[in-house]
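Below is one structure, written out as structure tokens, with a few remarks after it.
The values are calculated or read from the model by the stated rules, or taken from the named source; none is laboratory data. Just so it is clear, the model here is predicted, and its values are computed rather than measured. Virtual Cβ from ideal backbone geometry, glycine too; neighbours counted across all protein chains shown.
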Amino acid sequence: MKKEHLMISSRQQKTYRIAESLSIKVEIEHNPYQIPLEDCFKMALRNNKKRAFLFVSKWLGKHIPIDPKKSLFVGALLGYEYKRQEQNEIVSDSMIDSIHTILKKPKIFDDSEWIFQTDDPVTFIGFAETATALAYSMFRCFPNSRFFHTTRENVLGRDSFITFEEEHSHATSHRCYVDESYINHQAEIILVDDELTTGKTVRNIIRSIQTDFPRKRYTVVTILDWRSQEDRNLFKELELECNCEIRVVSLIRGTMSLQQTGSLQFDKSDKKEIRSDVSKPKIIWKELSDLGSPPLEGIQHFSLSGNLEIYKVPFLKETGRFGLHGIEIPQVEGWIKNLAKQLKLERGTGKLLCLGSGEFMYLPMLLASELGEEVAYQSTTRSPIHVQQTHDYGAITGSYFPAPIDEGITHFVYNILENQYDEIWVFYERMPKYENVEKMAESLCYSGVKKMNVYYFLKGE
């Protein structure tokens, strides 16, 4: 890399004013691919007393709709950066140009060119709910590895062998329902998240793992690393405490400072309310097993909803919530691609939005990437974000509705504009409750969409 590029990236500063009384200043220390910050994220406020701000990624396909190929590529780019730092390679100008080209034109991304190996069969762990697809996208680039993601779901009949907390989150408890063989070894564990602000969640899971399954090496991989020097020192202290190495790999690293001059006020008046003057989209239900997919290996255990109702619908194994090995990737991807060929026949003309649901992100994202042109992807979320129509803000529209199974949990979807799409396809891992989907459709009346296809993979008894 040219020296002047290093100087520019190391001095980059920007201040984001996200409320009258709140602004965030960031200073970049490490940006080897010279990624403009405005291409990577926006800022928003969230209704959370523990942390009132949010970096809203333009790459995850969570809060902001994206070309699904872009999000798949970002996972591969994390894999490349992990290997580059491990091998201490210099970033070439040609690689920078290639990465910028793919980010601008994701359709040219060829995942077969982004395959890597590790010396040992490492385990990738993705953090629910935001980073489940990001971690999966990175994992698929390492065929000799293993993968699972944490979950907020309660699963009857299974014990979580690792439980840890994400204190600043709206849903704090993470659970892990994989076989112990995924971490009962001495190989490296790679923890994947979209952003590190303090790194406390990462420290929590490392302590939890080290208690029963100690090892010598962890790597934390993330898009953004905003840890202060104090937080970085806490990582060094944890290394000494746990007698292990903790390496952090990020695409962009810097520091951030919060400047708040008064209290923040939040209410629900900014969310899209149900309108009686607009008809809701017509809902078309489709069980995906009717479309010729192979038999699915559903985990035959059931979730316990927040209101103590047992909802007897098994989970999908293919999500990675219960663990996957790299050798299973071709089968999963082949199945999704065949499914996409059949779903293409159901497409109308115009723009299509594919929506994942909560933690169920990667499989719908991969499917959306195979559906042709004019397809955007994003997912519903549990994260309550303050909506406002201001320039370059991260959530300019918002709708809320019950979670697909548990009406005690609220889901949100952001940045769906009026008359932006001709169709919306919603993908669920498990058959949702009819009345909850109806409420979701009602909340999207303002979008102008006339038809909403609802696809689900597994149905109940």
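A few notes on this one:
The rows are residues; the columns are (1) of a type in the set (A, V, I, L, M, F, W, C); (2) out of contact with any helix residue (DSSP H, G or I) (no Cβ under 7 Å at 6 or more places or on another chain); (3) at pLDDT below 95; (4) under 22 Å from residue 118 (Cβ atoms).
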{"site": "188", "(1), (2), (3), (4)": "no, yes, no, yes"}
{"site": "192", "(1), (2), (3), (4)": "yes, no, no, yes"}
{"site": "204", "(1), (2), (3), (4)": "no, yes, yes, no"}
{"site": "212", "(1), (2), (3), (4)": "no, yes, yes, no"}
{"site": "224", "(1), (2), (3), (4)": "yes, yes, no, no"}
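- So residue 360, is it at pLDDT 95 or above, surrounded by fewer than 22 Cβ atoms within 10 Å (Cβ to Cβ), over 16 Å from residue 452 (Cβ atoms) and within 19 Å of the chain's Cα centre (by Cα): no
- Cβ-Cβ contacts under 7 Å between residues 6 or more apart (or on different chains), taken from a first residue in the stretch 125-140 that is within 18 Å of residue 209 (Cα to Cα) to a second residue that is hydroxyl-bearing (Ser, Thr, Tyr) and part of a loop (DSSP other than H, G, I, E, B), are listed as 125/150; 127/150; 128/150.
- Filter result (assigned to a helix (DSSP H, G or I) and under 22 Å from residue 60 (Cα atoms)) within the stretch 182-200: 200
- Candidates 91, 74, filtered to the one that is surrounded by 24 or more Cβ atoms within 10 Å (Cβ to Cβ) and farther than 29 Å from residue 314 by Cβ: 74
- Among the residues making up the stretch 337-356, a single one is free of Cβ contacts under 8 Å to residues at least 40 places away in the same chain and in contact with a Ser or Thr (Cβ under 9 Å, 6 or more places away or on another chain): 340.
- Filtering the stretch 39-51 to residues that are more than 22 Å from residue 94 (Cα to Cα) and either under 20 Å from the mean Cα position of the chain (by Cα) or surrounded by 18 or more Cβ atoms within 10 Å (Cβ to Cβ) (or both) leaves 41, 42, 43, 44, 45, 46, 47, 48, 51.
- Exclusive hit being in contact with a strand residue (DSSP E or B) (Cβ under 7 Å, 6 or more places away or on another chain) and farther than 17 Å from residue 247 by Cβ, set 208, 181: 208
- In the stretch 94-104, the qualifying residues are those that are within 23 Å of the chain's Cα centre (by Cα) and under 10 Å from residue 33 (Cα atoms), and the one that is surrounded by the most Cβ atoms within 10 Å (Cβ to Cβ) is 99.
- Close pairs from the stretch 38-50: first farther than 11 Å from residue 394 by Cα, partner of a type in the set (Val, Ile, Thr) and loosely packed, with under 15 Cβ neighbours inside 10 Å, Cβ under 8 Å, at least 6 apart: none
- Flag for residue 184 being in contact with a Ser or Thr (Cβ under 7 Å, 6 or more places away or on another chain) and over 20 Å from residue 249 (Cα atoms): no
- Among the numbered conditions (1) assigned to a strand (DSSP E or B); (2) at pLDDT below 95; (3) not aromatic (Phe, Trp, Tyr), the only one that residue 248 does not meet is (2).
- Scanning the stretch 152-186 for residues that are at pLDDT 70 or above, more than 17 Å from residue 218 (Cα to Cα) and among the small types (Gly, Ala, Ser) gives 157, 160, 173.
- Among the residues of the stretch 119-154, those that are more than 19 Å from the chain's Cα centre (by Cα) and surrounded by fewer than 19 Cβ atoms within 10 Å (Cβ to Cβ) comprise 119, 120, 121, 143, 144, 154.
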